[in-house]
Every structure is written in structure tokens, then in C-alpha cells.
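Student: Got a structure here, written out as C-alpha cells. Questions coming.
The values are calculated or read from the model by the stated rules, or taken from the named source; none is laboratory data. Fair warning: this is a prediction, and the values are worked out from it, not measured in the lab. Counting neighbours? That spans all protein chains shown, and the Cβs are built from the backbone with ideal geometry, glycine included.
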Amino acid sequence: MKKIVITDDIKALIEKEESFLNRSIFRIFTVTSNEEALSVHRAEKANLIITKLDMPGMSCETFCSVIRNDEGLRTVSIIVVCAGKESDIEKSSKCKANIIIAAPIDRAVLLEKAHQFLNISERESYRVLLGVKASGNYRKTPFLCRSENISASGMLIETDKIFNKGDIITCSFFLPDSTHISTTSEIVRVVEKRDEFDTNQYGIKFYDITPEKRSAIEAFIEKRIEERSKGCFKTEEDVPD
């Protein structure tokens, strides 16, 4: 389970709409000061801390320094939110945070960065027929392929078409709950064929997927993992005829 320490007002902002942080794989601790955040982190060893530059009590610079200088605490990712003034941004840059986000907070950007730092990359087998349009070797020529597995950041596909690493494609597919995913992707891995009869396999990385669609993929993966743990996992239901 991923653990997140977050200020109460930023948590309220995130909760205005559905997000991937509402999934059961996360445990969220709400705090009102850096002292409280530090105490929770010491006890729980959080994966991510989202705090503000102007928190009461312990300064953000001291807070981050204490964490980074402690071998048992330093591996956590830290996001610091500050006002948009140049002086505040400069002050925030002295904190040993992973990233600084200036107010007014862009909720989508905050969620995207949180997703990256939480390193949610668990893959689940999901065979589905994809509609793909390539702008690499098969420019503007739609074709079909199958996926081998999927994560919120990309998937493994198989096709008789030939691509090179770095080629850009657009792909479109539906999750079992009918959520439509359409995204630009890059070929980041070419899987070597075991023999001449194998189809070509490529690892693709999603580029412009929205936080909402990413959350839908994560929800699908989480549901499949829960089904598998209960012994009710089925592969046939997701394989098109």
C-alpha cells in the first residue's frame, strides 16, 4: 500500500473530483503542519509528501532538510506548493523537494506529478484488439494489433507491422467498463523475436493520457488483482472473438 502525507487544504482540492488517489491501494494522512507531517512520516514511512512553503511552525526548508539528512526518511518524494511570487519560488528552490508547484494549483498537474512520484507502474495482463494509427513506418495507415499487458504508463503490443524504437503511434481501445482510451504513444522497446514465426512485439509509452483515463486504467488493474486474489479471475471474458 502506498502512503501519502498531504496538507488538509490540498487534499480538499484534490477531492473535489474523482482521482486515482481515491483508490484503496493508497492510505492518505492529512496534516496541518510540517511538524505533524514529520511525525507521521517517521511512524509510517510515507511514499509521498505534499506540503506548502507557508505552513505554520517548522519552515519548509528545515522540514525538507531534516528528511533528506535522515537515512531512514530520505527516500520519500516531496512536492512543495508555493505562491506564484518570484521570491516564494526562489525560497522554495532552497528546499530539497523533488518538485515545486506554484499557486494557483493546477489540479491536473499536481495529480500527474503525484502519479509519477508514486511510481505506479504495475502491469496486468489484458488482451484487447487495438485500433492503431502509426506516424512512423506506416504513416497515416490505420491497422489492428493486440495488447499483451497494460499499465497506466503504457502497454506491450503485438503486430505483424514493423516499427523502430522512437516511432510515434496513436492508439485507441476500450477498457471492460467501456472507458475509451485514445492516446499518442512512442515505441520505447522492441522485443526480440524468439523465432521467425513469432509476431513483432513492442513496448509503447503513453504520452498524452489524461489523469482521468489513467485513473480508469489503474482502477481496472486494481479490480483484476482483487479478482485474481479471490480466485475469480478470468481471461476469456476480455478476449475478443
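Student: Could you figure out which of (1) within 22 Å of residue 93 (Cβ to Cβ); (2) at pLDDT below 90; (3) hydroxyl-bearing (Ser, Thr, Tyr) isn't true of residue 19?
Tutor: (1)
Student: Just to be sure I understand the filter: pairs with C-beta atoms under 8 Å, separated by 6 or more residues or on different chains, first member in the range 85-113 and more than 24 Å from residue 213 (Cα to Cα), second member part of a helix (DSSP H, G or I) and of a type in the set (Phe, Trp, Tyr). Which pairs pass?
Tutor: Here the result reads 95/63; 98/117, each pair linking the range 85-113 to a residue that is part of a helix (DSSP H, G or I) and of a type in the set (Phe, Trp, Tyr).
Student: Does any residue of the range 29-47 turn out to be of a type in the set (Asp, Glu), surrounded by fewer than 17 Cβ atoms within 10 Å (Cβ to Cβ) and not in a helix (DSSP H, G or I)?
Tutor: The first filter runs over the range 29-47 and keeps only residues of a type in the set (Asp, Glu), leaving 35-36, 44.
Checking the rest, the ones that are also surrounded by fewer than 17 Cβ atoms within 10 Å (Cβ to Cβ) come to 35, 44.
Of the ones still in play, those that are also not in a helix (DSSP H, G or I) are none.
No, that holds for no residue.
Student: Would you point out which residue out of 29, 20 is over 18 Å from residue 78 (Cβ atoms) and in contact with a helix residue (DSSP H, G or I) (Cβ under 6 Å, 6 or more places away or on another chain)?
Tutor: Every option except 20 fails the conditions.
Student: Can you tell me which of (1) part of a loop (DSSP other than H, G, I, E, B); (2) touching a helix residue (DSSP H, G or I) at 6+ places or on another chain (Cβ under 6 Å); (3) surrounded by 14 or more Cβ atoms within 10 Å (Cβ to Cβ) is the one residue 57 doesn't meet?
Tutor: (3)
Student: Grab the strands (runs of 3 or more DSSP E) fully contained in the range 81-172, keeping just those with 2 or more residues being within 24 Å of residue 185 (Cα to Cα), outside the structural domain of residue 67 (by TED's automatic domain parsing) and at pLDDT below 80.
Tutor: Answer list for the range 81-172: 129-134, 141-150.
Student: Sticking with this one: Any idea how many residues of the range 4-39 are touching a residue at least 40 places away in the same chain (Cβ under 8 Å), of a type in the set (Gly, Ala, Ser) and under 21 Å from residue 103 (Cα atoms)?
Tutor: Selection size over the range 4-39: 1.
Student: Would you mind telling me which numbered condition in (1) in contact with a Gly (Cβ under 9 Å, 6 or more places away or on another chain); (2) under 25 Å from residue 216 (Cα atoms); (3) of a type outside the set (Asp, Glu) residue 109 fails?
Tutor: All conditions pass for residue 109, except number (1).
Student: Something else now. Quick test for you: out of 45, 52, 94, pick the one residue that is of a type outside the set (Val, Ile, Thr) and more than 25 Å from the chain's Cα centre (by Cα). Steps first, please.
Tutor: Values: 45 fails: more than 25 Å from the chain's Cα centre (by Cα); 52 fails: more than 25 Å from the chain's Cα centre (by Cα).
Being of a type outside the set (Val, Ile, Thr) and more than 25 Å from the chain's Cα centre (by Cα) holds for just one of 45, 52, 94, which is 94.
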